[in-house]
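I have placed the structure first, in the form of structure tokens, so that the comments after it can refer back to it.
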Amino acid sequence: MDSRYKVQVKDLHKSFGSNEVLKGINLDVEPSEVVCMIGPSGSGKSTFLRCINKLEEPQSGHVYVDGYDLLDPKVNVDKVRENIGMVFQHFNLFPNMNVIENVMLAPVEVKGESKEEAEATALKLLDQVGLKEKAHANPTQLSGGQQQRVAIARALAMHPDVMLFDEPTSALDPEMVGDVLEVMRNLAQQGMTMIVVTHEMGFAKQVADWLVFFHEGVIREQGEPEDVFAHPQHEDTKNFLNKVLQA
Amino acid sequence: MGVRGKHRVLTAMMTFAFALVAGLWFKTGTVHAEPTYTIGTNTTFAPFSIQDKNGGYSGKNPGMEIEILREIAKHEHFKYRFKIMSFNGDLQALSNGQVDAVMAGMSVTDERKQKFDFSTPYYNDGVVMAVAKDSNITSMKQLRGKQVDAKSGTSAAIMAQKYQKKYGYKIKYFESSNTMYNDVKIGQAAAVFDDEPVLRYSIKNGVPLKVVSKKAEYTTPVAIGFKKGQNQELQRKMNNGIAWLKKTGRMQKIIDKYTKSNATHVDDASKRTIWGLIKSNSHALLKGLQETIILAVVGIFAALIFGTILGVLGIAQNKFLNGLSTVIIYIFRGLPMMVLAFFIYIGMPSVIGHKIPLFTAGILTLMLDEGAYVGAIVKGGFNSVDKGQWEAARSLGMPYYKALRKVIAPQGFKLMVPSLVNQFIITLKDTSILSAIGVMELTETGTVIIARNMEGFKMWLIIGVMYIIIVTLLTWLSNYVQKKMSN
């Protein structure tokens, strides 16, 4: 692997049964880079993202994060995951805890931080996502957008080097999307390495350093967002962009 | 009270405790010379053995056999303790060497002689025929086309079969004397064949039947059984004692007390109303109820632990552990609980080489049987927690078991509460099955009381109502807890 890269994926293959959904993916992500992945549903972009923290187990290839090979059985995946934050389409907050407990859980249980330390960090992060006053609310009392911002704070509480976003705004009402994207935009400005699966073309255009277009289990096209949007090279890319930009 | 006062009380208490310990030690020291034997006996089998309200045999009228044993032990200088079981349980225990002898109305038969040694007989048991008090039937000739009742597997049943062709009646078989006598009383059956002493004792205690046979048939000697070739010392003592009792006329006196005199009349009519039955048996009933509740609470607690382990194995990311959990759940859900109880209490001791106490056997049975159901509930509960919860927890770097404990289990258990409460109620009711191995819980208490007073309908009504009350209270409590939890 190349130590210049924060995340490096080499020739990744993943099948569900006889259905091969990833057919040899290669991708390099530099520190502080923001990579957006777009493409039609079923093209494999979410599966690819979930391979980066091994929520899905690939059949072959390599995934390096911070230099650790996640597919090496000797590597403790739990340790590597501490450095990879993940945000899900459906938030997945823990309903058996209130907001601040959600944020504090992993730092206390995994890193062994003291309650006071974790609480201070959690309040700071909740403030950062604009939800400090909701610290003691139950997740179910929050709107979707608020829940997603809590989920981001929860992931950040582990002080990760890399953040993975799996369609973070797809399950939100339109008026909620802006707040979440705003939080993500700030995060990008602070220099976080981010890999984002998204349907928000505006966000991809403005924030991404690199745009990747997935189609039928392969990366069909990639490049600077302005170039890909302005001059798509491949037929599939053109078709896709025509559809989503018209909508 | 000042410090000095406290000190004095403490000293007094310590002196007392010391005296108590010394006294106990002294007492055990003096009785050391007398050996103690374990005697297998029946649950109430009147008039041979009649359990008192507490399920023991320490009362004034404990039954013929118990009184005979008391006299023998006194005369031959030994001590004894009872193992009270069903007759079949007694025979098993004797074969396994868990008891030194069985004294339980045991007839001497050729088949049994192959396996057991017998003392000299102390009684001759025979079968007689009885009819309802107001019946005109006086002999078997009048039974053509009618129904005759007998207890299955007894000599009475053999006799009924023998004369069936000749007299042309139908036979109906029963498990308990009480229901059988009732069948005759209400006119379903014309007559009943049963052991003479059992019948006479019941009639003496208010069962409205009369004996019509002139003479008992199928007379078989009744004796004490020993494992073949074992315990010859005890056998010798028993024989000496029986000979002495016969010679001095004490034996006949004891037998007459239970079959002829009014000395052992149980109780009068005022005690046979429902209220009277409750009052005269309240101590035993409450004790039985207490045992039922203790069994249910300890049982469900053990089942929760066992079931949670099964549930955790069932969802583990390991095919072998999943399979193990599935097989264990399958086996213990598939086994009837009574079979499991027999297996643990009667079967296991011969494998592991030492006795399993009754309470322990009961709890083990509940733990395995109810635990299997709890295991299935726990597994289902864990599985119904959204998969996204696992992913969120694991993506934060939480190891598998930490994620399970902190995130999945709390949500899973909340989903399980209604099923678990239901299982607890089932467990409470299932404790009644343990009466089969003789655990003195509420149902067994009822069986014992009814064997004594023959008031089946009223007693089961009382006991049924007691179960309903407890289950109702439990349901209220669980509704309250569930409401609390969902808030």
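Which one, A:39, B:340, B:447, is farthest towards the positive end of the dipole of the protein assembly as shown when Lys and Arg carry +1 and Asp and Glu -1 on their Cβ?
The one lying farthest along the dipole's positive direction is B:447.
Quick one: accessible area per residue over chain A, 1.4 Å probe, rounded to a whole number of Å²?
Normalised by residue count, the accessible surface of chain A is 43 Å².
Tilt of helix A:174-189 relative to the longest C-alpha principal axis of chain A, in degrees (0 to 90, nearest 10)?
90 degrees
Residue B:401 versus residue B:171, label points 7 Å from Cα toward the beta carbon: distance in nm?
If labels sit at residue B:401 and residue B:171, their model points lie 6.2 nm apart.
Amide H neighbours of residue B:169 under 5 Å, counting only residues 5+ apart in sequence or on other chains, H built in-plane at 1.01 Å?
Under 5 Å from the amide H of residue B:169 lie the amide H atoms of B:145, each far enough along the sequence or on another chain.
Which ³J(HN,Hα) values in Hz, rounded to whole numbers, follow from the phi angles of the stretch A:224-241 under the Karplus curve 6.51 cos²θ - 1.76 cosθ + 1.60, where θ = phi - 60° and Gly and Pro get x?
Working through the residues one at a time gives 5, x, 4, 5, 5, 5, 7, 10, x, 8, 9, 3, 4, 5, 4, 4, 4, 5 Hz.
Given R₀ = 35 Å, FRET efficiency for residue A:159-residue A:227 by Cβ-Cβ distance, to 0.05?
The value I calculate is 0.55.
In debye, nearest 20, what is the charge dipole magnitude of the stretch A:1-104 about its Cα centre with +1 on Lys and Arg Cβ and -1 on Asp and Glu Cβ, if you could check?
Taking the Cα centre of the stretch A:1-104 as origin, the dipole is about 180 debye.
Give me the Å³ per residue figure for the convex hull around the C-alpha atoms of the stretch B:189-327.
About 306 Å³ per residue, rounded to a whole number.
Setting aside same-chain residues fewer than 8 positions from residue B:287, which aspartates and glutamates have a Cα under 19 Å from its Cα?
B:52, B:430, B:441, B:444
Any chance you could give the angle, 0 to 90 degrees and rounded to 10, that helix B:232-247 forms with the longest Cα principal axis of chain B?
Between the helix axis and the principal axis of chain B, the angle is about 40 degrees.
How are the Cα pair distances of the protein assembly as shown distributed, in percent, across 10 Å bins from 0?
Calculated P(r), rounded to whole percents: 3, 11, 15, 15, 12, 10, 9, 9, 9, 6, 2, 0, 0.
Using a Förster distance of 45 angstrom, determine the FRET efficiency expected from the C-beta separation of residue A:72 and residue B:330, and round it to 0.05.
0.70
On full extension of the chain, what length is gained from residue B:79 through residue B:274, given 0.36 nm per residue of separation minus the C-alpha to C-alpha distance?
Stretched out fully, the residue B:79 to residue B:274 stretch lengthens by 66.3 nm.
Dimensions of the stretch B:351-390 along principal axes (Cα, Å, largest first)?
51, 16, 11
So how many Å³ per residue does the convex hull of the Cα atoms of chain B work out to?
Roughly 249 Å³ of hull volume per residue.
Each residue of the stretch B:285-295 in order: what ³J(HN,Hα) in whole Hz does its phi give by Karplus 6.51 cos²θ - 1.76 cosθ + 1.60, θ = phi - 60°, with x for Gly and Pro?
Taking θ as phi minus 60°, the curve returns 5, 5, 5, x, 4, 4, 4, 4, 5, 4, 4 Hz for the stretch B:285-295.
For the stretch B:106-216, restrict the atom set to alpha-carbon positions and state the Rg and Dmax in Å.
For the stretch B:106-216, the Cα radius of gyration and maximum Cα-Cα distance read 14.5, 45 Å.
Rank B:62, A:240, B:304 by how far each Cα sits towards the positive end of the charge dipole of the protein assembly as shown (+1 on Lys, Arg Cβ; -1 on Asp, Glu Cβ) and give me just the farthest.
So the residue we want is B:62.
Mind checking Rg over Rh on the stretch B:348-429, alpha carbons, Kirkwood formula for Rh?
Result for the stretch B:348-429 is an Rg/Rh of 1.18.
When N is the residue count of the stretch B:154-246, what does its C-alpha Rg come to as a fraction of 2.2 N^0.38 Å?
For the stretch B:154-246, the normalised Cα radius of gyration is 1.43.
Once amide H atoms are built 1.01 Å from N in the peptide plane, which residues 5 or more positions from residue A:193, or in another chain, come under 5 Å H to H?
Amide H neighbours of residue A:193, under 5 Å, 5+ apart: A:32, A:163.
Under 8 Å for C-alpha pairs, at least 6 residues apart: give me the relative contact order for the stretch A:80-140, rounded to a whole percent.
It rounds to 43 percent for the stretch A:80-140.
Quick one: pull the percent of accessible area on chain A belonging to carbon and sulfur, 1.4 Å probe, ligands and nucleic acids left out.
Carbon and sulfur atoms account for 44 percent of the accessible area of chain A.
Could you work out what % of the accessible surface of the stretch B:108-249 is carbon and sulfur, using a 1.4 angstrom probe and leaving DNA, RNA and ligands out of the count?
48 percent
What nm distance separates the two modelled labels at residue B:476 and residue B:135, each placed 7 Å from Cα along Cα→Cβ?
About 4.8 nm separates the two model spin labels.
Using a 1.4 Å probe and counting only protein heavy atoms, how much accessible surface gets buried when A and B come together, both sides summed, in Å² to the nearest 100?
Roughly 1600 Å² of accessible surface disappears when A and B pair.
If a/c stays under 1.5 just call it rounded; otherwise compare a/b with b/c (prolate if a/b is bigger, oblate if not). Do that for chain A, with a ≥ b ≥ c from the square roots of the Cα gyration tensor eigenvalues.
oblate
Which entries in the list B:162/B:253; B:319/B:402; B:172/B:204; A:54/B:414; B:79/B:260 go over 26 Å, if you measure between the two C-alpha atoms of each?
B:162/B:253; A:54/B:414; B:79/B:260
Mind checking which aspartates and glutamates have their C-alpha under 13 Å from residue B:257, skipping anything on the same chain fewer than 8 residues away?
Filter leaves B:65, B:67.
Cα centroids of the stretch A:1-38 and the stretch B:320-384: how far apart, whole angstrom?
Cα centroid to Cα centroid, the span is 50 Å.
Quick check: the distance between the Cα centres of the stretch A:167-212 and the stretch B:173-225, to the nearest angstrom?
Comparing the Cα centres of the stretch A:167-212 and the stretch B:173-225, I get a distance of 90 Å.
Which of the residues in the stretch B:398-422 show a loss of at least 50 Å² in accessible area from their chain by itself to the complete set of protein chains, at a probe of 1.4 Å?
B:406
Which peptide among B:442-451, B:347-356, A:200-209 comes first, and what is the full order, when sorted by highest mean count of other Cβ atoms within 10 Å?
Result, highest mean Cβ count within 10 Å first: B:442-451, A:200-209, B:347-356.
Pairs of Cα atoms under 8 Å, at least six residues apart: use those to get the relative contact order of chain B, whole percent.
Computed over chain B, the figure is 16 percent.
How many nm is it between the label spots at residue A:140 and residue B:217, if each spot is 7 Å from the Cα in line with the beta carbon?
7.5 nm
Quick check: residue separation of residue B:461 and residue B:70 times 0.36 nm, minus the Cα distance between them. What number comes out in nm?
Answer, rounded to one decimal: 137.2 nm.
Determine ³J(HN,Hα), in whole Hz, for all residues of the stretch A:13-29 in sequence, where each value follows from phi through the Karplus function 6.51 cos²θ - 1.76 cosθ + 1.60 and θ = phi - 60°; x replaces Gly and Pro.
Rounded to whole hertz, the list is 10, 8, 10, 10, x, 8, 8, 7, 9, 10, 10, x, 9, 10, 7, 10, 10.
Near the amide H of residue B:80, under 5 Å away, which other amide H atoms are found, from residues 5 or more places off or on another chain, if H is placed in the peptide plane?
Sorted by chain and number, the residues that satisfy this are B:37.
Antiparallel versus total DSSP beta bridges in the protein assembly as shown: what percent is that, nearest 5?
55 percent
FRET efficiency for residue B:36 and residue B:387, Cβ-Cβ distance as r, R0 = 60 Å, nearest 0.05?
Efficiency at R0 = 60 Å is approximately 0.45.
The values are calculated or read from the model by the stated rules, or taken from the named source; none is laboratory data. Computed from a predicted structure; not experimentally measured. All Cβ positions, glycine included, derive from the backbone under ideal geometry; neighbour counts span all protein chains shown. Just the protein is used for accessible areas: all its heavy atoms, side chains included, with ligands, DNA and RNA removed. Shrake-Rupley method; radii C 1.70, N 1.55, O 1.52, S 1.80 Å.
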